[in-house]
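These notes concern the structure reproduced below.
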Amino acid sequence: MSEITKLNQNIIIKKIDDKTSNIQIIDNEMLMSVVGEFDQNLKELSKLTNTEIFFRGNSITCKGIKDNIDIFCEAIKFLINKYTLTKMIEKEDIALSVQKNMEFKESNVKSFKQLIKTPRKSVIARSEKQSDYIKALKENDIVMSLGPAGTGKSFLAVSVGVTMLIEKKIERVILSRPAVEAGEKLGFLPGDMKEKVDPYLRPLYDALYELFGTDKIDKKIESGEIEIAPLAFMRGRTLKNCFAILDEAQNATETQIKMFLTRIGENSKLVVNGDPSQIDLINKSQSGLIKSTKLLKHLKEIKIIEFDHNDVVRHPLVSKIIKAYQKKSIDDKD
């Protein structure tokens, strides 16, 4: 006997038997976004869930083993919910939709509540930790986040900061990083000061351009509304009416982090991000990120978020690579 679930007036999920489920999406625009151009989204979902997919009209039929069909149906629910909120489905949403920690539950859409709308795309929290992080960025004056590459620490902070700038809640966004080489000696770099430090700050530029477009960001940098500077330039300043981000803070000393945090002024938010596993300082014991978070964790005004490999939202291999290196680190200690 078939089991029918009606999510809303546009979506009906019918479980035909343990090996077959059917999904009907009545809204044509929603359907085409879920299916993708030339059915690419369905083909990718079929590969990721190891199921057979048949698409005809407004009907999507999925065949396979029960657990895989359940994953496919949850993935479709995730994509439908993403489309409902943002009116778009992006390539990276497909892999994300099948991750177990992001399975859609009608009673728990916490990850979707922290939505950031930028001119070029809508950004949603892709894990519970990311949701907590976005909430903290909006509500706390100082946020410190630690975790591996690909967890969205910098990207989400830039998203919130520049959105607040566009909404005129602040007057400036300041992006800063320690000018420390990643395990290489680059020697003399030609050009003026901006040209010398730009290579260290390129990831922040990349996030800005992806979210807000090259022309808009270049104009704001030219006007001074967005300032990108090495950490050393923060000394002696008072940061008022701004959103300031210190990225790659694992390469800052405890004294430097203290200096950055004590720049905070009226109507300002400060964010400190870093990955303790990727310290590029010659003397790794000089890194002040972990020391500073331990020292400040008792202050209720400062929110500390700790990400792990489960929060990685880059290529699925990134999470596996991080876990492999973590295991090696534990084995080496033993």
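Couple of notes before you dig in:
- Count of the range 115-173 residues which are in a helix (DSSP H, G or I) and not β-branched (Val, Ile, Thr): 20
- Within the range 145-162, the residues that satisfy the criterion of being in contact with a Lys or Arg (Cβ under 9 Å, 6 or more places away or on another chain) and under 25 Å from Glu225 (Cβ atoms) are Ser145, Gly152, Val160, Gly161, Val162.
- The lone exception for Asn41 - which of (1) more than 27 Å from the chain's Cα centre (by Cα); (2) modelled with pLDDT of 90 or more it fails: (1)
- Residue within the range 282-289 that is of a type in the set (S, T, N, Q), outside any helix (DSSP H, G or I) and at pLDDT below 95 present: yes
- Test: residue in the range 186-209 that is within 30 Å of Met88 (Cα to Cα) and either modelled with pLDDT of 90 or more or outside the structural domain of Leu270 (by TED's automatic domain parsing) (or both): no
- Subset of the range 222-275 that is in contact with a Phe, Trp or Tyr (Cβ under 9 Å, 6 or more places away or on another chain) and part of a helix (DSSP H, G or I) - its residue that is nearest to Leu289 (Cα to Cα): Ala249
- Candidate set: the range 224-269, residues that are among the polar types (S, T, N, Q) and closer than 18 Å to Leu201 by Cβ; chosen: the one surrounded by the fewest Cβ atoms within 10 Å (Cβ to Cβ): Gln256
The values are calculated or read from the model by the stated rules, or taken from the named source; none is laboratory data. Keep in mind that what you see is a predicted model, and the values were worked out from it rather than measured. Every residue, glycine as well, gets a Cβ built from its backbone with ideal geometry; the counts of neighbours run over all protein chains shown.
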